[in-house]
Structure formats: structure tokens, C-alpha cells
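Student: Supplied in C-alpha cells, the structure appears directly below.
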Amino acid sequence: MCGIVGYIGNKSAVPILIDGLKRLEYRGYDSAGLAILENGSIMIEKTKGKVQELQELVEESSFSGTAGIAHTRWATHGEPNRKNAHPHLDCNSDIAIVHNGIIENYVALKKYLEDKGHVFKSDTDTEVIAHLIEDDYNGSLFETLAISLAKVEGTYGLAVISKKEPDKIFAARKGSPLIIGKGKKANYIASDVAAILRYTNEIIYLEDGEVAELTCEDISVKSEDNIHVRKKIQQISWSLAMIEKDGFEHFMLKEIHEQKTSLLNTLRGRLNYEEGTARLDGLIKYIEYLKKAQRIILTACGTSWHSALIGEYLIEELAGIPVEVEYASEFRYRSPIINQDDIVFVISQSGETADTLGALHETKRKGGIVLGICNVVGSTIARENNAGVYIHAGPEIGVASTKAFTSQVLVLTMIALMLGRMRNLPLERGREVVKALREIPDLVGEVLKKDEEIKKIADLLAGHNNALYLGRGYNFPVALEGALKLKEISYVHAEGYPAAEMKHGPIALIDTKMPVIVIATKDAIYEKIMSNIAEIKARQGIIVSIITRGDTKIKELSDNYFEVPSTPNFISPIINTIPLQLLAYYVAVKRGCHVDQPRNLAKSVTVE
Ligand code: G6P
């Protein structure tokens with residue numbers, strides 16, 4: 001979703017802004033633009049297309065100004081075209097603004113400003129802020145921003161420049177992520193650390209309602225109440241190499257192949273064999289609450305929601321606590337009942353998903369305890385929850401989540417183990433779980449080595465426009481996730497189903513042209529899934545199965561199969577997801593799709 005970069009320093013701003021925008025491309029966007037303070041004027045370039053086109057445009061213009069702001073837009077209000085691309089200007093082109101988020105009262109504000117003679121040029125909600133600032137301007141943009149933004153309802157992360165104050169750039173945040181980077185004789189604004197990591201790893205996180213003024217040397221921040229705030233500078237441990245492709249054709253493929261390491265990082269220092277448990281330091285403050293929790297609610301969106309579904313199986317099996325899983329978008333708006341002994345977990349890779357953040361706020365509003373499971377350190381959810389666990393998967397750039405998903409599931413397994421050991425899970429069983437968890441990275445490594453086998457299966461599936469994914473028990477959510485991956489990046493219509501439910505509808509779809517991907521590794525309900533496969537076979541469906549190594553029975557029934565190592569059932573979702581990620585990836589490549597930036601999708605969805 002929309003990206004922001006801002007720079008003020010002693011170098012030409014254009015290459016820094018373009019580089020920043022390129023690093024934000026993964027978030028998903030449909031137009032791009034920038035504004036530079038150039039010899040007392042504001043110069044603008046915008047395009048409906050890609051950042052590369054913007055770069056070609058600015059190269060022709062040869063701007064050399066040393067301060068500017070830039071944006072990639074994912075359209076909400078107004079179609080994606082040049083006119084609606086950011087930056088937006090006030091009537092006199094004195095002020096330029098880029099904005100992420102939604103101004104909910106923009107219709108009323110626009111009318112108010114038009115009545116006063118302001119002329120609007122775009123269909124966006126954002127443009128009202130430029131005119132509002134113009135209207136309120138009192139000689140100090142730092143002060144005016146606070147005055148204008150007090151009239152705005154909705155969410156924003158924004159960067160502003162003004163030709164009346166050419167040695168400064170400004171930022172403000174409410175509900176949309178925005179950070180400030182402190183450099184040497186230069187300072188930066190960004191919606192995401194990836195945009196500026198090349199230049200600095202010293203980051204200031206703006207809080208909601210804060211407004212910032214940046215010069216080359218200084219950063220001043222004021223709170224919503226107009227009080228100067230001393231902000232803490234935090235060091236980011238991510239390196240530039242972590243956000244580069246490292247020889248892989250796509251970020252997604254790189255991230256799939258990183259899973260042996262990312263899972264190792266998720267586990268690092270957290271398992272205790274002696275006590276047969278996991279130690280999650282982030283949750284220590286809430287241990288007493290966790291001990292007496294009567295119910296756990298897991299809420300999330302997209303792929304993270306699938307990890308929550310697996311979490312339900314894990315926590316109920318290992319800890320015996322009832323679990324409810326809910327889409328964050330539904331949870332926040334349906335008056336959920338949150339009892340005193342409930343614990344709500346919000347799960348989010350980015351830590352910025354608007355609906356998940358909304359669920360967090362709803363829980364807090366009701367006096368509930370909300371714990372987070374996030375990847376991005378310092379993200380809004382990570383900062384606003386009561387406590388939480390980082391999954392430590394490292395930066396995930398591919399829009400379709402892969403390594404974050406397996407690390408989320410791994411963290412949920414550790415939470416289930418920890419909760420179980422606080423209750424009735426026997427020590428010996430706890431130790432078995434610890435032992436099994438330690439083996440995961442190597443097992444994942446084994447599966448990844450057979451990447452070529454999946455490629456061959458993908459070649460056979462790439463010509464089909466539909467697919468059904470089936471699984472049972474722990475592997476039902478895996479089927480959902482496999483189908484989602486295929487939909488997201490290859491635009492093939494895919495449905496995930498509990499295998500036994502197939503008879504209640506989807507079986508009508510099965511014919512010689514319908515590929516059915518069945519996750520059929522050996523577990524307690526293996527025989528049942530075999531019957532489901534027989535039902536598909538009887539209707540000439542194309543069967544692709546994920547089977548336990550050495551299983552001959554399902555192999556014989558399948559048109560294609562992929563063998564995974566034998567694992568306990570509670571580990572199987574992590575292992576079985578890997579071939580499905582690779583399958584989606586290779587089908588998408590074969591179909592010529594834009595794997596890392598699938599159409600219409602955004603990496604972190606910061607609007608409802
Ligand atoms: C978007 C992404 C998905 C992701 C979902 C939830 O839709 O494209 O890959 O699963 O948001 O994101 P989160 O950052 O909250 O896990």
C-alpha cells in the first residue's frame with residue numbers, strides 16, 4: 001500500500017527519493033510522484049506508471065534540489081491516474097504534500113475550502129490537507145500543521161514541504177506508519193524502514209498525533225498537545241543485504257528458501273528441553289494472566305489468519321484451552337464479548353494492518369488484554385499491544401507472505417507448548433515437542449532441496465484456471481493457505497476446503513480438468529483422507545498429493561505427488577506449506593505473472 005519517502009540533506013534529493021520509492025515498490029502501488037524544493041520553487045513529477053517511469057521523467061528534468069518528498073500511491077479515493085497521484089499542491093503551489101491513509105471528513109472539508117475560494121485539481125481526499133494548510137498558514141508550517149490536522153478526521157502518515165520554508169521538511173502521523181531516519185547532515189522520512197535503510201539505521205518512531213520538523217541537522221517533534229517531545233533514537237538490526245534479492249529471481253523465492261534460517265531464528269534461545277517448554281520473554285509480564293486464561297481469541301487477516309487457524313488446533317491440543325479464531329475485520333465491528341479471563345492475540349507480519357490494529361483497539365477499549373505476534377520490530381501493533389512476541393523472520397518483501405507464515409505458526413506452537421506446560425501437559429510430552437521443534441529447520445531444508453520436483457508439477461498445473469486444495473485437521477488451514485498463495489500470485493482461481501467437506505459441494509466441480517491438491521501426510525485421519533482421494537479419482541479429477549515419504553498407497557492414486565519427511569502432526573503444517581508455496585511460485589512464473597507485486601495487492605493493508 002502507499003509508500004512515503006522524504007529527504008533533506010546536502011545531496012541531490014532525486015536519486016535518494018527514487019531509490020527509496022523503488023524499495024517500497026513491494027508494498028503495491030499504481031502511481032508514483034515526487035516534489036523537490038528547487039531554487040525557491042516546488043517542482044513536481046508524477047506518473048500513473050511505475051517508479052522506473054518516474055525516474056525517467058525526473059532524469060529529463062534534471063532537478064538538483066536537496067530536499068523533497070515522494071510517494072507511491074495505491075488508489076482509494078479517485079482512480080489511479082496522473083492527476084490523482086501524489087504529491088498534491090495548494091492553490092498557489094506553495095505547499096506539496098504526500099499522504100498515506102484516509103481523510104474521512106474530506107467531503108465536508110472540501111466544501112468548506114471551496115466555499116472559501118480554494119480550487120481543487122484532483123479527486124483525492126489528500127488534496128484537502130494541502131488547501132487546509134494554505135488556509136491556516138501562520139508563518140510557521142510546524143505550528144500550522146498541528147492546527148490543520150486537528151480539523152482532520154481519519155488516518156494519515158504524511159510528509160510536507162513548503163517553498164516558504166525551503167530548509168525544512170515536515171512529517172505527521174495518525175494511524176498510518178511513519179518513521180524518521182537520522183543521518184549524517186541529512187534526515188529522512190519514510191513509511192517503512194526499507195526505504196531508508198541504505199542511508200541510516202537510526203530510527204525515530206512517530207506516535208499518533210505527533211508532528212515533526214526536519215532540517216539537515218535537527219529533528220524536532222511535537223505531541224498532539226503542542227508540547228516538544230524528546231524522542232528516543234532506535235537502532236534497527238536489519239541490514240541492507242536482508243532487503244535485497246541476493247541472486248534470486250524474486251523476493252518471494254528468496255524468502256521461501258530462507259525458511260530454514262528464519263525458522264532457526266524464530267526458535268533461537270526459546271526452547272528449554274530440561275523443562276520441556278518454551279520461554280517467550282515478551283510474554284513474561286502476562287504469565288499470570290496466561291496461566292488462568294479461560295479462552296484465547298486469535299485474530300488476524302490474510303495469511304496471518306491462516307496461521308491463527310493452525311494456532312487453534314495447536315493450543316487446544318497442547319494446552320487444552322478453548323480457542324476462537326476470527327478475521328480482525330469482523331471482530332472489530334461485531335461487539336465481541338471479551339471476558340476478564342480471555343486473552344486476545346493479534347497476529348500480523350507487518351504490524352500495520354488496519355483491521356488487525358482495529359481489533360487491538362477494540363480489545364483494549366473493552367478492557368481486554370491484547371498480546372501481539374509480529375515480525376516488524378517497532379511496528380504500530382508491536383508498540384500498542386500489552387506485550388508480545390516477535391517472530392524474527394527478517395524482512396519480508398514479497399507481497400505474498402511465506403517465511404512470516406511459517407514463523408508465525410512456529411511461535412504459536414511455542415505458545416501452545418508454554419501454555420500446556422503451565423497446565424496439564426506432562427514433562428515427557430513437553431520434551432517430545434521441544435525435540436520435534438528443534439528438528440524443523442533441518443526438515444524444511446530437506447524439502448527445499450527438492451524445489452526442482454515442484455517445478456515439474458507446476459509445469460503441469462500452469463495451464464489450468466482452477467484448483468481445489470484439500471486437507472484435514474492441522475492441514476485444513478494449510479489447504480487454505482496453499483489456495484490463497486496460488487490465487488494471490490498466479491491469478492488462478494483456487495479454493496481450500498476441509499477434505500471431507502468436498503462431498504457437500506465442491507465435488508460437483510471435479511472433472512478431468514480440475515486439479516485437486518491434497519495434503520495427505522500420515523496422521524490419525526490418514527485413512528479418511530484416502531477415501532476422499534478415492535472419491536476424486538472416481539470422478540477423474542487430477543490428483544496432486546503431498547505425502548509422507550515412502551507412502552505407496554496414496555502415491556498410486558495420485559497423478560503427481562511430492563514426498564515430505566515424516567513428522568508429528570503438529571509440525572506438519574510448517575513442513576507441508578513449503579511445497580505449496582513453491583508450487584504457487586512456479587505456476588505464477590510459468591504464467592508470466594508479476595510474482596513480487598501481484599496486481600491489486602498490497603504488502604501491508606493500512607486502510608480498512
Ligand atoms: C495483505 C498481504 C498478505 C497478508 C495480509 C495480512 O493482504 O498481501 O500477505 O497476509 O495483508 O498482513 P499482516 O501484515 O497483518 O500479516
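The values are calculated or read from the model by the stated rules, or taken from the named source; none is laboratory data. As the structure is a prediction and not an experimental result, all values here were calculated from the model. Here the Cβ positions follow ideal geometry from the backbone for every residue, glycine too, while neighbour counts run over all protein chains shown. Just the protein is used for accessible areas: all its heavy atoms, side chains included, with ligands, DNA and RNA removed. Shrake-Rupley method; radii C 1.70, N 1.55, O 1.52, S 1.80 Å.
Student: Of all the helices (runs of 4 or more DSSP H) wholly in the stretch 517-599, which have at least 3 residues that are of a type in the set (A, V, I, L, M) and within 28 Å of K435 (Cα to Cα)?
Tutor: 572-590
Student: If you go through the stretch 370-380 one residue at a time, how many are within 11 Å of the ligand (Cβ to nearest atom), assigned to a strand (DSSP E or B) and in contact with a Ser or Thr (Cβ under 6 Å, 6 or more places away or on another chain)?
Tutor: 1
Student: Residues being touching a residue at least 24 places away in the same chain (Cβ under 8 Å), open to solvent by 10 Å² or more (accessible area, probe 1.4 Å) and hydroxyl-bearing (S, T, Y): count how many of those fall in the stretch 554-594.
Tutor: Number of matching residues: 4.
Student: Please pick out the residue among R423, R383 that is away from the ligand (no atom under 13 Å from the Cβ), among the basic types (K, R), touching a residue at least 24 places away in the same chain (Cβ under 8 Å) and more than 23 Å from Y333 (Cα to Cα).
Tutor: R423
Student: Something else now. Quick one: would you say G276 is more than 16 Å from the ligand (Cβ to nearest atom), assigned by TED's automatic domain parsing to the domain that holds V433 and small (G, A, S)?
Tutor: yes
Student: Give the residue, chosen from E452, E488, E481, that is among the acidic types (D, E) and open to solvent by 60 Å² or more (accessible area, probe 1.4 Å).
Tutor: Sole residue among the options that is among the acidic types (D, E) and open to solvent by 60 Å² or more (accessible area, probe 1.4 Å): E452.
Student: State whether one or more residues within the stretch 486-499 are within 16 Å of the ligand (Cβ to nearest atom), of a type in the set (V, I, T) and either over 20 Å from G473 (Cα atoms) or assigned to a loop (DSSP other than H, G, I, E, B) (or both).
Tutor: Checking the stretch 486-499: at least one residue is within 16 Å of the ligand (Cβ to nearest atom), of a type in the set (V, I, T) and either over 20 Å from G473 (Cα atoms) or assigned to a loop (DSSP other than H, G, I, E, B) (or both).
Student: Taking the residues in the stretch 342-367 that are more than 15 Å from the ligand (Cβ to nearest atom) and farther than 19 Å from I284 by Cβ as candidates, determine which candidate is surrounded by the most Cβ atoms within 10 Å (Cβ to Cβ).
Tutor: Here the answer is T363.
Student: Which pairs have Cβ atoms under 7 Å, sit 6 or more apart or on different chains, and link a residue in the stretch 595-608 that is farther than 18 Å from P395 by Cβ and open to solvent by less than 60 Å² (accessible area, probe 1.4 Å) to one that is near the ligand (Cβ under 8 Å from one of its atoms) and part of a loop (DSSP other than H, G, I, E, B)?
Tutor: What qualifies is P598/V399; P598/A400.
Student: So, one more: So for the stretch 316-331 (the condition being surrounded by fewer than 24 Cβ atoms within 10 Å (Cβ to Cβ), within 20 Å of L480 (Cα to Cα) and within 11 Å of the ligand (Cβ to nearest atom)), does at least one residue qualify?
Tutor: Within the stretch 316-331 (the criterion being surrounded by fewer than 24 Cβ atoms within 10 Å (Cβ to Cβ), within 20 Å of L480 (Cα to Cα) and within 11 Å of the ligand (Cβ to nearest atom)), the answer is yes, since at least one residue qualifies.
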